[in-house]
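This report refers to the structure that appears directly beneath it.
Just so it is clear, none of the values below were taken in a lab; they were calculated from the coordinates. These numbers come from a predicted model, not from an experiment. Neighbour counts run over all protein chains shown; Cβ positions are idealised from the backbone, glycine included.
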Amino acid sequence: MRCPVCHGDMIVVEHNRIELDYCRQCHGVWFDAGELELLLESLDLESLQVILDDVLELPEAQSGEKKRRCPICGRKMKKANIGQEPPILIDVCSRGDGLWFDGGELHQLITQAAGISRDKPAAQKRVIDFLGEAFQAEK
Ligand SMILES: [Zn+2]
Ligand SMILES: [Zn+2]
């Protein structure tokens, strides 16, 4: 699959049977529909799923950021703000193919989610392990 930002080839990263596509050049991450939910479930971060369930219904976010094309269907993706303060601006395929996170945004989202689950040290540890293992390739 081609990166929607820099158009380089993305690599598939697998972690706990969850696959994501990762761009080594710009560090962006693509999740097919459903994969991100699986990830959050496996990390015990259900609090975030509520936000993601509604992501297709969210209004288009105002942004100067360039529109990107979905790596699957090629249509322009919608900008949406998710998460807590500060919100994270992601790109969403309006057909529901998946979600795009620019370099660092996935990290922000998962870190926020782990903060919400502050009462769950085990969840936080899983998050840290995931980020460390899944993105070893970039070091
Ligand atoms: Zn890229
Ligand atoms: Zn699409």
Stretch A122-V12 to full length: gain in nm at 0.36 nm per residue minus the Cα-Cα span?
36.9 nm
Ranked by how many other beta carbons lie within 10 Å on average, peptides 8-16, 56-64, 26-34 from highest
26-34, 8-16, 56-64
Taking the simple approach of a point 7 Å from Cα along Cα-to-Cβ for both A33 and Q84, what is their distance in nm?
3.0 nm
